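**Q** First, the structure itself, so that you have it in front of you.
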Amino acid sequence: MSATLMRTAPVLRAAARASGAVKPMAMASTSFVRGKATLPDLSYDYGALEPHISGKIMELHHKKHHQTYVTGLNSALETIGEAESKGDFTKAASVAPLLNFHGGGHLNHSLFWENLAPASRDGGGEPSGSLKKAIGEDFGSFDTLRKQMNTALAGIQGSGWAWLVKDKQSGTLGVVTRANQDPVTGNFVPLLGIDAWEHAYYLQYENRKAEYFEAIWNVVNWKTVASRFDKS
Amino acid sequence: MVNFGNVLQGYLAATQQMLSGDQLNNTKMAITTYTLPTLPYAYDALEPYISREIMTLHHEKHHQAYVTNLNAALQAHVAAVTAGDIASQIALQASIKFNGGGHINHSLFWLNLSPSDAPETKPDAAPSLQTEIEKTWGTLDAFKKAFSATLLALQGSGWGWLVKEGASLRIITTKDQDPVVGGEIPVLGVDMWEHAYYLQYLNGKAAYVENIWNVINWKTAEERFLGTGESILEAPNGSI
């Protein structure tokens, strides 16, 4: 997974290692303070995906929406930590939907920013190498994959995401959708995510979401997707 | 200012006229063709709280898409019934629910909004409902606070509703375009899809929720609460 996304991971792992040596209460308060999620920086400017995604959309999407998920995730983790330290597991369990929503939102957007790139740099075109071969085997052609993704995106009822995923067991590629901010977990490795929430396109495309789903292929970063595929 | 009786009668007349030539004869099953209802106010009438641009797109594009897709799904469903194709009938359920729900929800929504200078937007226009609200939440303000908090806690797309269930009032949410069709009576609905506010409020949905109270049509809410208005859910032949 991405370096930016996981930049809190070493702290979390350190906290986990330390947990055996400290009392439960101390562990909870320490690890949750130290493991705070932060908004990752983008590796391109807000305007760099234009004309396919406007600078205003990118700025709001990153600075406001993603930030809200980061804040919500930290708040959910804090509530769980406090509940855990008091042995109030009912309270801890009640936060699960918030953890899923905000944690998923943080994860999904972190993956999304990195699987996009300016069309003038790594964005657009077609995948190459082992990924290209796998797409050919599992979808028939790159064009079929594109069509399947766009059909999946158009079929989302409400807010959600479509993903190109790799099945860990069979090793095959597939297209899945997730509602709201539900993250891709379990048997699937997320390779490429496309955000179908209205906030991802509405200021530019309004109700014409099919145009957004067409345009976004111009800024897909296949290098990132290929590297996720090769590492999985 | 706004005569909803006339509006609803207008829908009925228009729909019956349309239906006379629009039934599917080849299937031996008459299916209703739904149409986009006319708004009882102008697109800019809810400004400054909901912009003309939002209202235009929301009604002309979004609501129209639900109507179009509902009619397509229902036609396909009739064909599947006629063909005895149970698999297709089941596969169409999601589309009927989503698009039918979208049509019902928006039809309810337009009528429970009103220009802010109309007397309908004063809570006094709903005396019986207000009494019941105070019985349940203590004060109207406490209800508004609880309703707003519920709206803001919604994850993803959906709606917040004040519903009457039996004799009591409750606040509920429905996801995406799920309609309130489980026996409760929808008294008041607020659309929390991003398309309902984004062009004007961007990510500031709390401001949208705060402002929408200025354009709530309490007279419609009272009629739904008392069951005295024409129920758009029970109106026959696609009159919504």
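The values are calculated or read from the model by the stated rules, or taken from the named source; none is laboratory data. It should be emphasised that the depicted structure is a prediction, and the values quoted were computed from it without experimental measurement. Ideal geometry is used to build each Cβ from the backbone, glycine not excepted, and the neighbour counts take in all protein chains shown. Remember, those area values only see protein heavy atoms, side chains included, never the ligands or the DNA or RNA. Shrake-Rupley method; radii C 1.70, N 1.55, O 1.52, S 1.80 Å.
**Q** When every alpha-carbon pair in region B:60-160 is counted, what percent end up more than 24 Å apart?
**A** The calculated P(r) of region B:60-160 puts 47 percent of pairs beyond 24 Å.
**Q** Just add up the charged neighbours of B:Met192: K/R +1, D/E -1, any other residue whose Cβ is under 15 Å from the Cβ of B:Met192.
**A** Overall, the nearby charge balance is -4.
**Q** Hey, another quick one. If you count only protein heavy atoms with a 1.4 Å probe, what accessible area per residue comes out for region A:129-231, rounded to a whole Å²?
**A** Heavy-atom SASA per residue in region A:129-231 reads 40 Å².
**Q** If I model a spin label at A:Ala215 and A:Thr68 as a point 7 Å from the Cα along the Cα→Cβ vector, what separation in nanometres do I get?
**A** That separation, rounded to one decimal, is 2.2 nm.
**Q** Here is a follow-up. What does the structure give for B:61-68 when I average, per residue, the other chain Cβ atoms found within 10 Å of the residue Cβ?
**A** Mean inter-chain Cβ contacts per residue within 10 Å come to 1.
**Q** A follow-up question, please. So, by mean Cβ neighbours within 10 angstrom, what's the order for B:136-145, B:192-201 with the highest one leading?
**A** Ranked from most to least packed, the peptides come out as B:192-201, B:136-145.
**Q** Now for a separate question. Net charge near B:Val209, counting Lys/Arg +1 and Asp/Glu -1 over other residues with Cβ under 15 Å of its Cβ?
**A** Summing Lys and Arg as +1 and Asp and Glu as -1 gives -1.
**Q** Distance check, please: which entries in B:Lys145/B:Lys175; A:Lys166/B:Lys97; A:Lys168/B:Lys175; B:Lys61/B:Lys219; A:Lys133/A:Lys168; B:Lys135/B:Lys205 exceed 24 angstrom between their Cα atoms?
**A** A:Lys166/B:Lys97; A:Lys168/B:Lys175; B:Lys61/B:Lys219; B:Lys135/B:Lys205
**Q** Using all alpha carbons of region A:59-99, what is the percent of pairwise distances in each 10 Å bin, ordered from the shortest bin to the longest?
**A** Calculated P(r), rounded to whole percents: 32, 40, 20, 8, 0.
**Q** Students often check this: by mean Cβ neighbours within 10 Å, which of A:176-183, A:191-198 ranks highest, and how do the rest follow?
**A** Highest mean packing first, the order is A:191-198, A:176-183.
**Q** If r is the Cβ-Cβ distance from A:Ser170 to B:Ala153 and R0 is 41 Å, what FRET efficiency results, to the nearest 0.05?
**A** 0.60
**Q** Hey, got the average number of other protein chain Cβ atoms within 10 angstrom for residues in A:197-203?
**A** For peptide A:197-203, the averaged partner shielding equals 4.
**Q** If you fit an axis through the alpha-carbon atoms of helix A:67-85 and take the longest principal axis of the Cα set of chain A, what angle between them do you get, 0 to 90°, nearest 10?
**A** 30 degrees
**Q** For n ≥ 4 DSSP H runs only, could you compute -39500 (n - 2.57) per run for chain A, divide by its residues and tell me the 222 nm figure to the nearest 500?
**A** For chain A, the value works out to -15000 deg cm²/dmol.
**Q** Still on this structure: Is the C-alpha gyration tensor of region A:129-231 telling us rounded, prolate or oblate? Criteria: a/c under 1.5 is rounded; beyond that, a/b larger than b/c is prolate, otherwise oblate.
**A** prolate
**Q** What order, most packed first, do the peptides B:127-133, A:223-229 have when packing is the mean number of other Cβ atoms within 10 Å of each residue?
**A** In descending order of packing, they fall as A:223-229, B:127-133.
**Q** In degrees from 0 to 90, rounded to the nearest 10, what is the angle of the helix A:129-139 Cα long axis to the longest principal axis of chain A?
**A** So the inclination is approximately 80 degrees.
**Q** Rounded, prolate or oblate: which one fits region A:62-158, using the alpha carbon gyration tensor with axes a ≥ b ≥ c (rounded when a/c is under 1.5, else prolate when a/b beats b/c, else oblate)?
**A** Since a/c reaches 1.5 and a/b is larger than b/c, the shape of region A:62-158 is classed as prolate.
**Q** Could you give the C-alpha radius of gyration of region B:119-226 expressed as a fraction of 2.2 N^0.38 Å, taking N as the number of residues it contains?
**A** 1.03
**Q** In addition: Multiplying the sequence separation of B:Thr131 and B:Ala91 by 0.36 nm and subtracting their Cα-Cα distance, what value in nm do you get?
**A** This chain segment gains 9.9 nm when fully extended.
**Q** Now for a different question. Would you mind counting up the charge near B:Leu154? Only other residues with Cβ under 13 Å from its Cβ, with Lys and Arg at +1 and Asp and Glu at -1.
**A** So the environment of B:Leu154 carries a net charge of -2.
**Q** Calculate log10 I(q)/I(0) of chain A for q = 0.07, 0.09, 0.14 Å⁻¹, where I(q) comes from the Debye formula with a single equal point scatterer on each Cα and nothing for solvent.
**A** -0.25, -0.41, -0.93
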